[in-house]
1. Could you please find all residues in region 13-24 being more than 13 Å from Gly65 (Cα to Cα) and of a type in the set (Gly, Ala, Ser)?
2. If only one of Asp52, Asp11, Asp74 is out of contact with any Pro (no Cβ under 7 Å at 6 or more places or on another chain), more than 21 Å from Arg110 (Cβ to Cβ) and of a type outside the set (A, V, I, L, M, F, W, C), which one is it?
3. Tell me, yes or no, whether region 93-104 has at least one residue that is of a type in the set (Gly, Ala, Ser) and more than 13 Å from the chain's Cα centre (by Cα).
4. If a residue has to be at negative phi and outside any helix (DSSP H, G or I) to count, how many in region 60-103 make the cut?
5. Using beta carbons and a limit of 7 Å, which pairs, at least six apart or on different chains, have the first residue in region 73-85 and over 16 Å from Leu33 (Cβ atoms) and the second one assigned to a loop (DSSP other than H, G, I, E, B) and among the hydrophobic types (A, V, I, L, M, F, W, C)?
6. Out of Gly59, Gly35, I need the residue that is surrounded by 12 or more Cβ atoms within 10 Å (Cβ to Cβ) and closer than 14 Å to Gly7 by Cβ. Which one?
Amino acid sequence: MILFLYGTLLDPDVLARMSGEPALARRLRPARLAGWRRVFLRGTPYPTLVEDAAAAVEGAVLRAGPAALARLSDYEGSAYALTPLIVQTARGPVRAQAWIAPPWRAEADRDWP
């Protein structure tokens, strides 16, 4: 599965630790998601995405195998659901999935760094 990562999993150390695959970070490729904005997940230091036609989120795409996907899903927890998206990469548009919380869980007025 191709994932779009936009938050803490962009840190190679966090990605390696949470996925159980130390070399996984070498497969990250820059990507941009238009029409969304990165904000805080209510009551946490973590991000989520909200739709915003005037915004875009810089992140990365990554192909994850079943074992890494299972571990990353555990890390993301029940606050998030995998959501299909189209992201732009150097090779053109790519179908990917990102962990996004429901809009009511987002602090839409507080951008995440």
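The numbers here are math on the coordinates, done by the rules we state, and not lab data. The structure presented is a predicted model; accordingly, all values stated were derived computationally and were not measured. Heads up, the Cβs are rebuilt from the backbone with ideal geometry, glycines too, and the neighbour counts pull from every protein chain shown.
1. Restricting attention to region 13-24, the residues satisfying the condition of being more than 13 Å from Gly65 (Cα to Cα) are 13-18, 22.
Correct list: Ala16 only.
2. Working: Asp52 fails: more than 21 Å from Arg110 (Cβ to Cβ); Asp11 fails: more than 21 Å from Arg110 (Cβ to Cβ).
Testing whether each residue is out of contact with any Pro (no Cβ under 7 Å at 6 or more places or on another chain), more than 21 Å from Arg110 (Cβ to Cβ) and of a type outside the set (A, V, I, L, M, F, W, C) leaves just Asp74.
3. First, the residues of region 93-104 that are of a type in the set (Gly, Ala, Ser): 96, 98, 101.
Now restrict to residues that are more than 13 Å from the chain's Cα centre (by Cα): none.
The answer is no, given that none of the residues of region 93-104 is of a type in the set (Gly, Ala, Ser) and more than 13 Å from the chain's Cα centre (by Cα).
4. Step one: of region 60-103, the residues at negative phi are 60-76, 78-91, 93-103.
Narrowing the set further to residues that are outside any helix (DSSP H, G or I) leaves 60-65, 78-91, 93-102.
Total meeting the criteria: 30.
5. Ala79/Ala101
6. On the way: Gly35 fails: closer than 14 Å to Gly7 by Cβ.
Sole residue among the options that is surrounded by 12 or more Cβ atoms within 10 Å (Cβ to Cβ) and closer than 14 Å to Gly7 by Cβ: Gly59.
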